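Engineer: Shown below is the structure under consideration.
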Amino acid sequence: MSEKVKLPREVAEAIERTKDKHSTWNNNDLCYIVLNQLGYCQYKNDTDIRLLHDWSNTKELTFAKALINGYEVEETPEDLIKWHHDTWNKEAFNPHHNITESLYRIEGMVITLNILNIKIPGVNADE
């Protein structure tokens with residue numbers, strides 16, 4: 001089996017919402033409507049179809065591969081920071097781990113993000 005395609009979160013979520021809204025559509029239908037101008041004209045007022053059409057405008061093959069082979073959400077830098085923050089936070093409360101080390105990591109991460117004026121919900125900003 002072929003490798004899953006990595007898609008931006010907003011594209012993956014738009015595909016899922018579209019499949020939920022149009023449960024009778026198969027992958028061929030979705031490809032036709034998103035990639036074909038005639039198909040797109042019928043649904044261009046749908047915000048998810050418009051997002052998929054605009055994103056796949058120069059990525060037609062990637063879009064088709066994602067529908068055929070499956071896809072996963074590509075992690076953003078914010079996702080990776082949040083993952084490390086949550087992991088270190090769990091370690092801090094593990095009695096078999098050095099709590100001080102984990103708390104220093106978290107504190108260093110938060111200080112760095114604040115210096116760079118980067119806000120990540122659940123790390124250094126409210127969710």
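Engineer: Which condition number in (1) polar (S, T, N, Q); (2) buried (at least 17 other Cβ atoms within 10 Å of the Cβ); (3) modelled with pLDDT of 95 or more is the one that S102 fails?
Structural biologist: So S102 meets the others, but not (3).
Engineer: Find the helices (runs of 4 or more DSSP H) located wholly in the stretch 47-127 whose residues include 2 or more that are without any contact (Cβ under 8 Å) to a residue 12 or more places away in the chain, over 21 Å from E10 (Cα atoms) and outside the structural domain of C31 (by TED's automatic domain parsing), and list them.
Structural biologist: Values: elements: 47-56, 60-69, 77-92, 99-115.
Where helices (runs of 4 or more DSSP H) fall fully within the stretch 47-127 and carry at least 2 residues being without any contact (Cβ under 8 Å) to a residue 12 or more places away in the chain, over 21 Å from E10 (Cα atoms) and outside the structural domain of C31 (by TED's automatic domain parsing), they are 77-92, 99-115.
Engineer: Next up: Might you check whether a residue that is out of contact with any His (no Cβ under 7 Å at 6 or more places or on another chain) and at pLDDT below 90 occurs anywhere in the stretch 57-74?
Structural biologist: no
Engineer: Has the stretch 46-55 got at least one residue that is among the hydroxyl-bearing types (S, T, Y) and surrounded by 12 or more Cβ atoms within 10 Å (Cβ to Cβ)?
Structural biologist: Scanning the stretch 46-55, I find no residue that is among the hydroxyl-bearing types (S, T, Y) and surrounded by 12 or more Cβ atoms within 10 Å (Cβ to Cβ), so the answer is no.
Engineer: State all residues of the stretch 14-31 that are closer than 13 Å to L51 by Cα and at pLDDT below 95; if no residue qualifies, say none.
Structural biologist: Selection gives nothing.
Engineer: Right, something else. Go through the stretch 7-28 and give me each residue that's part of a helix (DSSP H, G or I) and in contact with a strand residue (DSSP E or B) (Cβ under 6 Å, 6 or more places away or on another chain). Can you show your working first?
Structural biologist: Applying the first criterion (part of a helix (DSSP H, G or I)) to the stretch 7-28 yields 9-21, 27-28.
Within the stretch 7-28, R9, A12 meet the criteria.
The values are calculated or read from the model by the stated rules, or taken from the named source; none is laboratory data. Because the structure is a prediction, the values reported are computed rather than measured. Ideal geometry is used to build each Cβ from the backbone, glycine not excepted, and the neighbour counts take in all protein chains shown.
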